[in-house]
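K.L.:
So that we are looking at the same thing, I have put the structure below in structure tokens.
Every number here is computed from the coordinates shown, using simple stated rules; none is lab data. Keep in mind the model is a prediction, meaning the values are calculated, not measured. Neighbour counts run over all protein chains shown; Cβ positions are idealised from the backbone, glycine included.
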Amino acid sequence: MNYIGEKCFCCNKIFDKDDDVVVCPECGTPYHRECYMENKRCVNTELHKSGDPWKRSLSDAESEVSKDESGQIICRHCLCRNPAGTEKCTNCGMPLKELSDVQSEDTPDLSQFFSEFDAEQKYFGFNPDEDFDGARLEEVSSFVKTNTIYYLPLFKKMKDIGTKISFNIICLFFPQFYFANRKMWFMAIFALIFSLLMNVPSFISQIPDVIDYNISLYEKIGYAASDYGNLNAMYDAAKNFVDSNQKLINAASSLCTILNYAFKFIMCLFGNWYYYKFTIKSIKKIKNSNPKIPLNTALQSAGGTNAANIAITAVIYFVLYSAVIMIFYELSAII
């Protein structure tokens, strides 16, 4: 529920869109989270005695009139108070109507059934307080931070219809970089390791050529044969291993190539859904942790994108790749 414009029962301050609001589980009275934690209980004892639920200070009729006693215009969609003369709600971006513009009861307002997607609005015409599996749309927007014009309608579709499939072209080619950029480190490392493992047979088949190239390079530079004698031994061992297991390596390489393409295709179809679930889970975690900074700031800091994570992922991949090569060097020498 949207509590913008209502007053906290403890401090008597009006709630705005950035406030972290909690309600009494028995009567529904809203409080700032800090106020409720300070009192450790609901202080609206009259409602508890009468058994009545908390009600808005604005009736439906008053919200339709769209003005309060101070002359501020109240948005009929999210109940946010706006200064007189404001044309669009500062919270949800919906058009505001003065009292004289409100339609009469004899002429029903059907515009809500024919509203179009407006990319210029902050939440693109969606209700900022709409629930997304325990997170508000406004919170989702703050966490996603970038490219919300793509993700908000997509997440709403996933929530309303239950669909998990969409098309993410980046995940088709570089799923580990997409997940890292969106700060989904578990999925990024998983995709990176899976991609690395699927390339191991190909790495193994190319190791003799890599060693041979290094030997040729040393010869051109003018190193004595004794200086790269260990490389010759490694080359012979690696070549013998590859030659004796060529059919197995080729079969494993083909299988891993198919699995790698299948994995990337699955990430392409479900990558956005993984991001949706990650977004909702992260928002809940941040809200439950009761951050010391404003909730909106905490969400923006934890979410969004970070291009530096792509470089970090590339470095991790290179380190792991080098480790695989060195391990095979050692194993080939032992075998």
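K.L.:
Give me the lysines in straight-line cross-link reach of LYS239: C-alpha distance below 28 Å, same-chain residues under 8 apart excluded.
P.N.:
LYS220, LYS247
K.L.:
Can you work out the Karplus-derived ³J(HN,Hα) for every residue in the range 295-308? Use 6.51 cos²θ - 1.76 cosθ + 1.60 with θ = phi - 60°, whole Hz, and x for glycine or proline.
P.N.:
4, 4, 5, 5, 5, 5, 5, 7, x, x, 10, 8, 5, 4
K.L.:
What is the sum of charges, Lys and Arg at +1 and Asp and Glu at -1, for the other residues whose Cβ falls under 9 Å from the Cβ of GLY303?
P.N.:
Result for the local shell: +3.
K.L.:
VAL315 to ASN127: FRET efficiency via 1/(1 + (r/R0)^6), r the Cβ-Cβ distance, R0 51 Å, to the nearest 0.05?
P.N.:
0.75
K.L.:
Among the listed pairs LYS55/LYS157; LYS264/LYS292; LYS88/LYS156; LYS7/LYS183, which have their C-alpha atoms separated by more than 28 angstrom in this model?
P.N.:
From the list (LYS55/LYS157; LYS264/LYS292; LYS88/LYS156; LYS7/LYS183), the Cα-Cα distance tops 28 Å for LYS55/LYS157; LYS264/LYS292; LYS7/LYS183.
K.L.:
Rounded to the nearest 0.05, what FRET efficiency is calculated for SER216 and ASN306 with R0 set to 51 Å and r the Cβ-Cβ distance?
P.N.:
Calculated transfer efficiency: 0.75.
K.L.:
Whole-Hz ³J(HN,Hα) for each residue in the range 311-317, computed from phi via Karplus 6.51 cos²θ - 1.76 cosθ + 1.60 with θ = phi - 60°, x for glycine and proline: what do you get?
P.N.:
5, 4, 5, 5, 5, 4, 4
K.L.:
So which of LYS13/LYS285; LYS145/LYS284; LYS13/LYS287; LYS145/LYS277 end up more than 18 Å apart, counting from Cα to Cα?
P.N.:
Listed pairs above 18 Å: LYS13/LYS285; LYS13/LYS287.
K.L.:
Report the FRET efficiency, 1/(1 + (r/R0)^6), for PHE186 and ALA84, where r is their Cβ-Cβ distance and R0 is 51 Å, rounded to 0.05.
P.N.:
For PHE186 and ALA84, the calculated efficiency is 0.55.
K.L.:
Quick one: if you stick a label point 7 Å off each Cα along the C-beta vector at ILE14 and ASN260, how many nm between them?
P.N.:
It is 6.0 nm.
K.L.:
Stretch LYS40-ALA251 to full length: gain in nm at 0.36 nm per residue minus the Cα-Cα span?
P.N.:
Additional length available on full extension: 69.4 nm.
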